[in-house]
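K.L.:
Following this message is one structure expressed as structure tokens.
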Amino acid sequence: MKADLVIKNGFVVDVFNQELLLVDVAIVDGYIAGLGQYDGEIEIDAKNKYICPAFIDGHVHIESSMVTPVEFAKVVLPHGVTTIIADPHEIANVAGVEGLKFMLDASESLPLNVFYMLPSCVPATPFENAGAVLLASDLAPFYHHPRVLGLGEVMDYPSVHDGSKQMIDKLSGAHRFGKKIDGHAAGLHGQAIDVYSAIGIKTDHEAVSVSEAKERLQKGMYVIIRQGSVAKDLPNLISVVNGWNSRRCLFGTDDKHIDDLMSEGSIDHHVRLSIEYGMDPIAALTIATLNAAECYGLTNKGAIAPGYEADFLILEDLEKVKINQVYAAGKLAAENGKIVCAFKARQASELTQSVNIKPITEQDLSIPLTKTNKANIIEIIPNSLITKHVVEEVVVKQGFFVPSIFKDQLKMAVIERHHSLGNIGLGIVKGLKLKQGAIATTIAHDSHNLIVTGTNDDEILFAIEAIQKIGGGLMVVRDKQILAQLPLAIGGIISEEDYLTVYHQLSEVNHALAKLGASHEFNPFLTLSFLALPVIPQLKLTDLGLFDVQSFQHIGIEAGN
């Protein structure tokens, strides 16, 4: 009896023994039936090529690509990714249960396997206002879905440590259903890691140094080595991986824009970088495949072996990770960087009209400094989610802060945009290097309020009005004119357009940023979007004001207050 498909004459990457095998790969009904010598109805000659498991992204937010799951799949499949572990907490913070339903429905019947971890922290902390609140009772029905693997990144450490009833209910619910629990241990050390690991939180993607990664490994956690658009941690972490602990490491993109996914790639970029830093190619491929599968209990994924799903790649070059073909469930999905499989139409969404704010005046944006000209300032660290908390002298006129392009001190505002509460958190940011104009976005992790910064109040107000009119997205303005925009109609964070349209719109936004003099060292919009996340050290801004992550409380802008 012949197999459906046989790949002949290729070198199979054996992730179990860390070696190459010159054998045929037989595929039947989308599964690998055997390794050896086989005949097939269809036979492919892979002479001088390599056959390896397809890649698994161990932690990703689809929403950060700004496209729907269908369009996301079209982008990552040519890069060898056939399975992702996604956390939809971005859309959940905007639309709650309806947002979760949308992501599950929109990712159904794709050649990309989309598994989900349910959002554990909506909102991320009690110190901000999101579009929704998700309780354990809201999450429980979703655990019955076959593509829901567990509870997503737990980022509210104080609630875990203090035994908050809402948090304990969520953790207990995941355990009750026999599900996995992801961590988010940014800046945590010592007993805090003990608490996370002891309560069953077994992954973390927030390690930014070798010492942090090693401590998490020591305490029984998996380390997800992240390389995204803002957080580029792989170069700092890869040296922690050795022959003993490599099986406890996996790769994740976390947050990556569509342009970076198209130009750099996804997990294939992790593998190439790891090899460049000296890692053995088979070891890097194992981290990208089998490790992630085993971490999340995907027992039939991540290897080329009998009984495993036929998600695999044919590589022309092992060290350069040059992908010739991508197979998903035994069917050709992409070839030479192009999609060759059929896709369902993008799903329409009712999650629109999400920018709801009260009228804002120049007075609403004023920052009084009456006792001193020194202020608490958020300073950006390029390509990092972590910020510095600095105290500097600022320009003060008639008792109010004035932005200074010479000091690189800009005004920033986070405006609650879900329920028209009227909350406006104000702060000062250093490091964006804008010389003129303003930028605004409704992507502001994780509550996704409207965040805006600029060189003067007139430009800031114009940017706010302009982004309201398009229903959310990215906005670049100068001299009260729109230089570029990227509308994100679905919840203010996802486009209704195809990925190529979004890519071109984003390219226009990036060109417009250059006209404002924005820094080229990092992605200004992605960096701005994380300045509102009050679970990553050190200083952030929410709709309720300036937030000190170290003390976990709001502080005044004026230094000493």
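K.L.:
Filter the strands (runs of 3 or more DSSP E) completely within region 1-49 down to those with at least 1 residues that are of a type in the set (Val, Ile, Thr), surrounded by 17 or more Cβ atoms within 10 Å (Cβ to Cβ) and under 33 Å from the mean Cα position of the chain (by Cα).
P.N.:
Ranges flagged: 11-14, 31-36.
K.L.:
Scan region 521-533 and report the pairs whose first residue is among the acidic types (Asp, Glu) and whose second residue is surrounded by fewer than 24 Cβ atoms within 10 Å (Cβ to Cβ), with Cβ atoms within less than 8 Å and a gap of 6+ or a chain change.
P.N.:
Hits for this filter: Glu521/Pro382; Glu521/Asn383.
K.L.:
Given the conditions (1) within 17 Å of Ala375 (Cβ to Cβ); (2) surrounded by 24 or more Cβ atoms within 10 Å (Cβ to Cβ); (3) more than 24 Å from the chain's Cα centre (by Cα); (4) not hydrophobic (A, V, I, L, M, F, W, C), report the number of the one that Thr453 does not fulfil.
P.N.:
Thr453 satisfies every listed condition except (3).
K.L.:
Residues that are touching a helix residue (DSSP H, G or I) at 6+ places or on another chain (Cβ under 8 Å), at least 2 per element: which strands (runs of 3 or more DSSP E) completely within region 298-396 meet that?
P.N.:
Output list reads 322-328, 331-335.
K.L.:
Considering only region 320-328, I want to know if a residue exists there that is at pLDDT 95 or above and out of contact with any Asp or Glu (no Cβ under 9 Å at 6 or more places or on another chain).
P.N.:
The answer is yes; a qualifying residue exists.
K.L.:
Something else about it: Residues that are in contact with a Leu (Cβ under 7 Å, 6 or more places away or on another chain) and farther than 15 Å from Val321 by Cβ: list the helices (runs of 4 or more DSSP H) wholly contained in region 243-292 that include at least 1 such residues.
P.N.:
In region 243-292, the matching helices (runs of 4 or more DSSP H) lie at 258-263.
K.L.:
Still on this structure: Being on the phi > 0 side of the Ramachandran plot, among the small types (Gly, Ala, Ser) and either part of a loop (DSSP other than H, G, I, E, B) or under 15 Å from the mean Cα position of the chain (by Cα) (or both), is that true of even one residue in region 102-109?
P.N.:
Yes: one or more hits.
K.L.:
When you go through (1) surrounded by fewer than 15 Cβ atoms within 10 Å (Cβ to Cβ); (2) in a loop (DSSP other than H, G, I, E, B) one by one for Ser211, which number turns out not to apply?
P.N.:
(2)
The values are calculated or read from the model by the stated rules, or taken from the named source; none is laboratory data. Worth saying up front: this structure is predicted, and the values here are computed from it rather than measured. In this analysis, Cβ positions are derived from the backbone assuming ideal geometry, glycine residues included, and neighbour counts consider all displayed protein chains.
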